[in-house]
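The structure appears below as structure tokens.
The values are calculated or read from the model by the stated rules, or taken from the named source; none is laboratory data. Quick caveat: nothing in here was measured; it's all calculated off a predicted structure. Every residue, glycine among them, receives a Cβ derived from its backbone with ideal geometry; neighbour counts consider all protein chains shown. Keep in mind that these areas ignore ligands, DNA and RNA; they rest on the heavy atoms of the full protein, side chains included. Shrake-Rupley method; radii C 1.70, N 1.55, O 1.52, S 1.80 Å.
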2 protein chains.
Amino acid sequence: MMADKDSNPAQQSAPEAPEPAVPAPPAMQDTLTELTDLNWERTVEKSSRPVAVMFYSATCAFCHQMEPYFRNYAREYKETILFARLDILTNPWAAERYGVRSTPTFKFFCDGKPVQEMVGAVYPALLKKMVEEVLVHGKECAKNSTAIDYEITGYG
Amino acid sequence: MMADKDSNPAQQSAPEAPEPAVPAPPAMQDTLTELTDLNWERTVEKSSRPVAVMFYSATCAFCHQMEPYFRNYAREYKETILFARLDILTNPWAAERYGVRSTPTFKFFCDGKPVQEMVGAVYPALLKKMVEEVLVHGKECAKNSTAIDYEITGYG
């Protein structure tokens, strides 16, 4: 929708996407879905696409450090993976349900089931590698695992 | 300890380590620490070494499929990482606390904090890659994250 005159006039070929020096501009905010305890089930657990969730809090410096990279991957993989974030302070249910103990926690879901997780301000390349793994192996990991029925354990 | 006459008489060079066709023999059982809800805090959360935990249940076929590999890595990395397993049916507290929803779930801890997770009967090579990543980046991930105080959220 943006005018072409805003595009790079030098027309250089860019082999790699540039890393953002600053957080993504407001126009890009829509690449990240904002999760809440209320829309969690519909958006994550019933999603047919893989979902990448960043559990964060506004006061967590490591979260601010990682968010530009997470937004970048959200744009890069928007056709195949839903990228979302959840504020753990205002939405404690989902964070507690999935045992999130620190922020940022990056959790990947396939067929509504958690398949991989990474915690902390990690090297962005490691996070990207996990995104790629989920794309290749995520469905299979979700299938090749046995869901726990917490009612059986008497701990529901 | 096995007699050499049992080894492959063809003496072919094997570029890859042979995959175990059967679970590790009883003599090797001691490479895996058996966790319970009671020894969890001391063994995992207060460990100075990284800890790799396999959450399993006796009835989970995917767990039986993965265990020989997990035991193999336990032997290979025994100097640097504590490998342990926890039966989620008899020890629901730890599984619930860390949001384990399916078995097998492989969870890695550094300085007592969860840093990475992988779920399901994954390719053993992926699991091993995660072990290596935890060795290189685990301490840093634990440091570069903000612990959540669930009492603040009112959800403790």
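When the residues of the stretch B:121-144 are filtered to those that are open to solvent by 10 Å² or more (accessible area, probe 1.4 Å) and either of a type in the set (S, T, N, Q) or over 19 Å from B:T105 (Cα atoms) (or both), the one that is nearest to the other protein chains (Cβ to nearest Cβ) is B:N144. Among the residues of the stretch A:49-56, is there at least one that is crowded, with 20+ Cβ neighbours inside 10 Å, over 19 Å from A:V134 (Cα atoms) and in contact with a helix residue (DSSP H, G or I) (Cβ under 7 Å, 6 or more places away or on another chain)? Checked the stretch A:49-56: at least one residue is crowded, with 20+ Cβ neighbours inside 10 Å, over 19 Å from A:V134 (Cα atoms) and in contact with a helix residue (DSSP H, G or I) (Cβ under 7 Å, 6 or more places away or on another chain).
May I ask you to verify whether B:F83 is over 26 Å from A:R97 (Cβ atoms) and of a type in the set (A, V, I, L, M, F, W, C)? The answer is yes for B:F83. Any residue at all in the stretch B:102-120 that is open to solvent by 10 Å² or more (accessible area, probe 1.4 Å), aromatic (F, W, Y) and not in a helix (DSSP H, G or I)? The answer is no; no qualifying residue exists.
Residue by residue, here is whether (1) of a type in the set (D, E); (2) modelled with pLDDT of 95 or more; (3) open to solvent by 20 Å² or more (accessible area, probe 1.4 Å) holds:
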{"position": "B:D6", "(1), (2), (3)": "yes, no, yes"}
{"position": "B:L35", "(1), (2), (3)": "no, yes, no"}
{"position": "B:N39", "(1), (2), (3)": "no, yes, yes"}
{"position": "B:F62", "(1), (2), (3)": "no, yes, yes"}
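Out of all the residues in the stretch B:43-51, is one or more more than 8 Å from chain A (Cβ to nearest Cβ), assigned to a strand (DSSP E or B) and over 21 Å from A:E140 (Cβ atoms)? Looking for residues that are more than 8 Å from chain A (Cβ to nearest Cβ), assigned to a strand (DSSP E or B) and over 21 Å from A:E140 (Cβ atoms), one finds at least one in the stretch B:43-51, hence yes. In the stretch A:99-110, the residues that are more than 7 Å from every other protein chain (Cβ to nearest Cβ) reach residues that are open to solvent by less than 10 Å² (accessible area, probe 1.4 Å) and of a type in the set (G, A, S) with C-beta atoms within less than 6 angstrom, at least six apart or across chains, in these pairs: A:F108/A:A52; A:C110/A:G138; A:C110/A:A142.
Kindly indicate the residue of the stretch A:76-87 that is in contact with a Ser or Thr (Cβ under 8 Å, 6 or more places away or on another chain) and open to solvent by 10 Å² or more (accessible area, probe 1.4 Å) and also nearest to B:W93 (Cα to Cα) among those meeting that condition. For the stretch A:76-87, the residue satisfying everything is A:D87. Checked against the criterion of being of a type in the set (D, E, K, R) and under 16 Å from the mean Cα position of the chain (by Cα), the candidates A:E79, A:E140, A:E96 yield just one match: A:E79. When restricted to residues that are of a type in the set (A, V, I, L, M, F, W, C) and either within 14 Å of chain A (Cβ to nearest Cβ) or more than 13 Å from B:E34 (Cβ to Cβ) (or both), the stretch B:71-98 contains 7.
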